[in-house]
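> Mind looking over this structure? Questions follow.
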Amino acid sequence: MATRRHFLKLTAATGLAPAIVSAQGKGRVVVIGGGFGGATAARTLKALQPSLDVTLVEPNPVYTSCPFSNSVLANLREIDQQQFRYDRIKSAGVTVAETSATAVDADAKTVTLADGNRLSYDRLVMSPGIDFNWSAIQGYDEAAAAKMPHAWKAGAQTVLLRRQLQAMNDGGLVVLSSPANPFRCPPGPYERASLIAYWLKIWKPKSKLLLLDAKDAFSKQRLFQNGWAELYPGMIEWVPLSQGGKVTAVDPATLTLTTEFGSHKATVANVIPPQKAGAIAAQAGVADRTGWCPVEPVAFESSLRPNIHVLGDAAIMGGMPKSAFAANAQAKVCAAAIVKLLAGQKPQDPIVINTCYSLVAADYGISIAGVYRPDKGQLTDIPGAGGTSPLVAVGGLRGQEALYASSWFRTITAETFG
């Protein structure tokens, strides 16, 4: 683990961080979305080429981080510890337009804003995150989310779900549903199940958690299940797709979730619905029929619209999963590529890393890492270059990985938001 950790730090400092590009040409770059992808792209562009006119379009003055938001549910963190402002990005020379992008005209190379202004660009970076497919589960819509929260966009929904857990009587049933792939943060539902169980074990030990899953396998599965058996025996029940885990309908009035095999009445229901790229992606013409955005694997330029680059959760990145680390890494590569493209140069093929820590308990962490390179038009995993935590941990490794997770979060948020 020490060797792998050193390798990840080294590559993050060298291979992932783009080299300073010598091109001196000016240009206008608009970035839509102020999360880990968009904010990093804007900041990196300005750092690499100070003469660039970079505008970040983000309606929320405060960004609420999804990574580590499951810890809020377990009362290990407060929601304000998840929140970050854009002051340091502004001080770096990036113009922050605190409004929404309502339309993209790819032919005219303009972005129309909700405040009525219109921005011209030479290159557009889109990192719009996700929206939900509200028609995928019968009965589940935005109104239903007020009673059966998804908490998959951190903030008010996270606080709502925590309040529901705290108000639940001991002996209640928490039902959590996980969607089919692809979706934001593949290990996220299983970390959430773990940390809710962690909290229940302390405060409501007679309670149970039922995890209904639209898949038969999931990220870090054996590591999670080993942790559940060790820490929460008999408390978490996982129901896979083949055993009736896919939720097809819900009734918010009775907190009932229905699958092909039956129905389950919850005391607290957490429904994570199927997802797609943020709505502006479809309007811009960069989302395909899947709802996601195909890109080429060098500069992450849209396969459907030239001069538009798509990052993070919204994009189809081949073997690379949707995570904050992935968005941050892609943003650095994309920024370096854009500077070269604006100077009439060809970007070099990148090596891109993703690593993901998950907490099974406050002091029990697990991780997975992958290294990716362009191959046959997509990012492909380099065999043997990544890995996961060992199934058998010795010497306090799980506790060390929990500390590494906290260190990772502090580092990436400081790098992104300052």
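Throughout, read-outs are computed from the coordinates displayed, never taken from laboratory work. Being a predicted model, the structure only gives us computed values, none of them experimental. Counting neighbours? That spans all protein chains shown, and the Cβs are built from the backbone with ideal geometry, glycine included.
> Would you kindly derive the ³J(HN,Hα) couplings of segment 146-152 from the backbone phi angles with the Karplus curve 6.51 cos²θ - 1.76 cosθ + 1.60 (θ = phi - 60°), listing them in order in whole Hz, with x for Gly and Pro?
Using θ = phi - 60°, the values come out as 6, 10, 10, x, 8, 6, 9 Hz.
> Let me ask something else about it. Can you list the residues, at least 5 places off or on another chain, whose amide H is less than 5 Å from the amide H of Val295, using H built in the peptide plane?
Correct list: Ser303, Ile316.
> Mind checking the angle between helix 156-167 and the chain's longest principal axis? C-alpha axes, 0 to 90 degrees, to the nearest 10.
10
> Compute the distance from the alpha-carbon center of segment 171-214 to that of segment 396-418, in whole Å.
Centre-to-centre distance over Cα atoms comes out at 23 Å.
> Now for a different question. List the residues whose amide H sits under 5 Å from the amide H of Gly244, counting only those 5 or more places along or on another chain, with H placed 1.01 Å from N in the peptide plane.
Counting only residues 5 or more places away or on other chains, the set is empty.
> Next question, about the same structure. Could you state the number of Å between the C-alpha centres of segment 265-299 and segment 314-342?
17
> Further question on the same structure: Among the lysines, which have Cα under 23 Å from the Cα of Lys340 when same-chain residues fewer than 8 positions away are ignored?
Those lysines meeting the cut-off are Lys26, Lys46, Lys109, Lys332, Lys376.
> Here is a follow-up. Describe numerically, in nm with one decimal, the distance between label points set 7 Å from Cα along Cα→Cβ at Ala103 and at Ser406.
5.0
> In what sequence do Trp152, Trp408 fall when counting other Cβ within 10 Å, fewest first?
Values: Trp152 24, Trp408 21.
Neighbour counts put them in this order, fewest first: Trp408, Trp152.
> How many nm separate the modelled label positions at Ala253 and Thr380, each set 7 Å beyond the Cα in the direction of the Cβ?
The two pseudo-label positions are separated by 5.5 nm.
> Which of the following values of Kirkwood radius over Cα pairs in Å was calculated from the structure shown: (1) 22.0; (2) 23.3; (3) 28.4?
(1)
> Here's another thing I want to ask about it. FRET efficiency for Asn181 and Asp80, Cβ-Cβ distance as r, R0 = 41 Å, nearest 0.05? If you can, show how the numbers build up before the last one.
Values: r = 32 Å, r/R0 = 0.79.
Efficiency computed from Cβ-Cβ geometry: 0.80.
> Same structure, new question: Tilt of helix 397-417 relative to the longest C-alpha principal axis of the chain, in degrees (0 to 90, nearest 10)?
In the chain, helix 397-417 runs at an angle near 40 degrees to the longest axis.
> So what's the angle, to the nearest 10 degrees on a 0 to 90 scale, between helix 221-231 and the longest Cα principal axis of the chain?
The helix 221-231 is inclined about 40 degrees to the chain.
> Mind listing the long-range amide H neighbours of Ser100? Cut-off is under 5 Å, sequence gap 5 or more, other chains count too, H placed in the peptide plane at 1.01 Å from N.
Counting only residues 5 or more places away or on other chains, the set is Ala114, Asp115.
> I've got another one for you. Calculated from DSSP H runs of 4 or more alone, at -39500 (n - 2.57) each and per residue, what is the 222 nm mean residue ellipticity of the chain, nearest 500?
Rounded to the nearest 500, it is -9000 deg cm²/dmol.
> Mean separation of Cα pairs under 8 Å and 6+ residues apart, divided by the residue count of the chain: what relative contact order is that in percent?
Numbers: 919 pairs, mean separation 80.6, N = 418.
Result for the chain is 19 percent.
> If the cut-off is a Cα-Cα distance under 15 Å, which aspartates and glutamates reach Lys215, setting aside same-chain residues fewer than 8 apart in sequence?
Filter leaves Glu237, Glu260.
> Calculate the spin-label point distance for Asn60 paired with Lys90, positioning each point 7 Å from the Cα along the beta-carbon direction, and give it in nanometres.
1.8
> Calculate one ³J(HN,Hα) per residue across segment 260-276 by plugging θ = phi - 60° into the Karplus curve 6.51 cos²θ - 1.76 cosθ + 1.60, and present them in order as whole Hz with x for glycine and proline.
These are the phi-based 3J(HN,Hα) values: 5, 9, x, 9, 9, 9, 9, 7, 10, 10, 10, 9, 9, x, x, 10, 7 Hz.
> Kindly put Arg305, Arg88 in sequence by how many other C-beta atoms sit within 10 Å of each C-beta, fewest to most.
Arg88, Arg305
> Sort Glu401, Glu415 by Cβ crowding within 10 Å, fewest neighbours at the top.
Least to most surrounded, the residues fall as Glu415, Glu401.
> Let me ask you something else. Quick one: length gained pulling Thr112 to Ala279 fully straight, 0.36 nm per residue minus the C-alpha distance?
Working it through step by step, the gained length comes to 58.7 nm.
> Rounded to the nearest 0.05, what FRET efficiency do Lys265 and Arg163 have when you use their Cβ-Cβ distance and R0 = 22 Å?
Efficiency for this residue pair is about 0.65.
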